[in-house]
Ligand SMILES: [Zn+2]
């Protein structure tokens with residue numbers, strides 16, 4: 001795999017949207033496969049994927065006065081940041097070797113070698129560091145909770161834009177609405193726009209690796225002096241196997257453990273991944289988000305308009321269950337058990353995100369007349385059996401890098417820490 005980044009002028013090649021202008025900076029990524037590489041691959045979470053094309057753009061807002069330049073008008077970005085960003089898009093297709101266009105640090109080369117068995121180079125740069133923590137902010141309940149816990153951290157929002165050579169059949173995906181909501185937070189905000197999701201032909205446009213959402217934060221880390229990137233991955237994603245490894249305790253989660261392959265790559269690039277809500281469930285992040293001043297800007301639905309979420313997609317149904325449970329009220333949905341989006345809840349467990357289905361089914365009044373009736377019956381969860389999901393799993397706090405740990409720990413003491421018995425619920429998840 002050979003990777004090249006070029007800094008270009010906005011819109012000269014007709015890429016992406018046209019509403020940027022005004023000094024927007026464009027970084028163009030191209031990668032060329034070596035003979036042993038493949039156009040099919042597997043995401044670190046196990047999802048099989050197919051590559052559609054080999055180039056994309058990341059568009060940054062106009063440079064501030066502090067932005068460093070490498071000469072001839074090209075902005076300076078540390079090569080480890082460029083390489084780490086490229087790796088979030090190139091890793092699934094690379095088999096033996098990755099050659100970057102600028103020398104990287106030995107630390108980053110080692111992280112890639114240990115994590116993937118891929119030789120990375122050339123090597124010959126010193127590692128970088130930074131000091132501020134930014135939040136990768138999507139606007140969903142989990143990242144709003146992170147923003148509420150860290151009220152002075154700057155936000156970086158990833159906005160999908162169209163690719164110049166790939167037809168966008170996903171026009172219902174309203175990334176413009178989400179970017180507008182992010183702007184209304186009143187927080188220090190950088191919106192990064194990219195067509196990188198269109199690198200994938202299947203299963204659908206999306207991040208080649210989950211970490212590609214941070215591509216913009218990586219490119220900006222030098223000028224924003226970033227030393228960490230906080231993400232909204234919660235207990236389920238970090239410790240319970242998330243959506244795709246069903247029901248399995250995952251202390252060694254390759255995506256989100258600090259010593260996992262991706263944790264090491266980001267750490268080597270001087271931008272360790274920080275999970276401030278990694279120890280709490282989506283019930284807690286929902287509660288924190290709804291109690292925050294950003295409450296009206298919470299939006300997990302990718303389809304809704306400026307007027308609100310669509311209310312009919314699978315994500316809306318799932319999050320409505322959690323919100324109704326937190327608010328102790330009946331489910332407000334027009335979705336029925338016969339709807340396609342509710343089909344999986346008519347089948348037997350295990351389910352992705354099962355801990356939250358249990359939590360919701362145990363708490364929502366009248367669950368027996370909702371699309372979750374069958375799941376509720378099969379799971380047989382009670383308030384008592386799901387109370388651990390109201391508390392924080394302490395090992396998640398230990399994982400937070402030292403500069404920010406104390407602050408998150410203080411917040412989580414307010415939420416309440418899990419007892420040893422409750423910790424055992426996490427550690428035996430999927431077994432007992
Ligand atoms: Zn929706």
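The table for this structure:
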{"item": "Stokes-Einstein D for the chain, Kirkwood Rh over Cα pairs, 10 °C, 1.306 mPa s (µm²/s)", "result": "71"}
{"item": "Candidates 421, 390, 176, ranked by Gaussian network fluctuation over the chain, Cα under 10 Å, top entry", "result": "421"}
{"item": "Computed over the range 154-299, Cα set: Rg, Dmax in Å", "result": "16.1, 43"}
{"item": "Compactness relative to 2.2 N^0.38 Å, alpha carbon Rg of the range 296-432", "result": "1.18"}
{"item": "Cα centroid separation - the range 331-385 against the range 244-293, whole Å", "result": "25"}
{"item": "The chain: relative contact order in percent, alpha carbon pairs under 8 Å with at least 6 residues between", "result": "15"}
{"item": "For the chain, built as a Gaussian network whose Cα springs stay under 10 Å, the top-fluctuating residue of 120, 217, 230", "result": "120"}
{"item": "Antiparallel bridge percentage (DSSP; both residues within the range 2-274; nearest 5)", "result": "55"}
{"item": "Choice from 238, 184, 25 with maximal GNM fluctuation in the chain (Cα, 10 Å cutoff)", "result": "184"}
{"item": "Ordering of 407-415, 270-278, 50-58, 220-228 by burial proxy (mean other Cβ atoms within 10 Å per residue, highest first)", "result": "270-278, 220-228, 50-58, 407-415"}
{"item": "All Cα pairs of the range 286-346, percent lying beyond 14 Å", "result": "60"}
{"item": "The range 118-189-the range 388-406 distance, computed between alpha-carbon centres (Å)", "result": "23"}
{"item": "Cα convex hull of the range 99-230 - mean projected area over all directions, nm²", "result": "9.7"}
{"item": "Acute angle (nearest 10 degrees) that the helix 79-90 long axis makes with the longest principal axis of the chain, alpha-carbon atoms", "result": "60"}
{"item": "Cα centroid of the range 407-429 to Cα centroid of the range 193-215, whole Å", "result": "33"}
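Any read-out appearing in this document is the output of simple, stated calculations on the displayed coordinates, not a laboratory observation. Everything numeric in this text was worked out from a predicted model, so none of it was measured. FYI the Cβ positions are ideal-geometry reconstructions off the backbone, even for glycines, and counts take in every protein chain you see.
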